[in-house]
Amino acid sequence: MIPDLGKYQDTVLSAYGISLLLLAAIIGLSIWRARAVKRQLDATEARTNKRQ
């Protein structure tokens, strides 16, 4: 399944690994930030609804 990469195998596979880790980090940070923004929005809407 994995093609023969010869002497570049370590470099290529580590690049794939680092790329996957970075993508996972970006996705995790995006989800974390979205939840934080949602909490802030809910709090703001609750304050606005109390005033009305």
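Gain on full extension, evaluated as 0.36 nm per residue between LYS7 and TRP32 minus their Cα-Cα distance, stands at 5.1 nm. The list (i) 15, 11, 10; (ii) 48, 7, 4; (iii) 26, 11, 5 gives values of semi-axes √(5λ) of the Cα gyration tensor in Å, and only one came from this structure; which label was calculated from it? This structure yields the entry labelled (ii). Probe radius 1.4 Å, ligands and nucleic acids ignored: give me the carbon and sulfur share of the accessible area of the chain as a rounded percent. Taking all protein chains in place, the chain shows 65 percent carbon and sulfur surface.
Calculated mean residue ellipticity, 222 nm, the chain: -30500 deg cm²/dmol, from DSSP H runs (n ≥ 4) at -39500 (n - 2.57) each, averaged per residue and rounded to 500. Against the main long axis of the alpha-carbon atoms of the chain, helix 9-51 sits at an angle near 0°.
The values are calculated or read from the model by the stated rules, or taken from the named source; none is laboratory data. Just so it is clear, the structure is predicted and the values come from calculations on it, not from any experiment. Note: areas computed on protein heavy atoms with side chains; ligands, DNA, RNA excluded. Shrake-Rupley method; radii C 1.70, N 1.55, O 1.52, S 1.80 Å.
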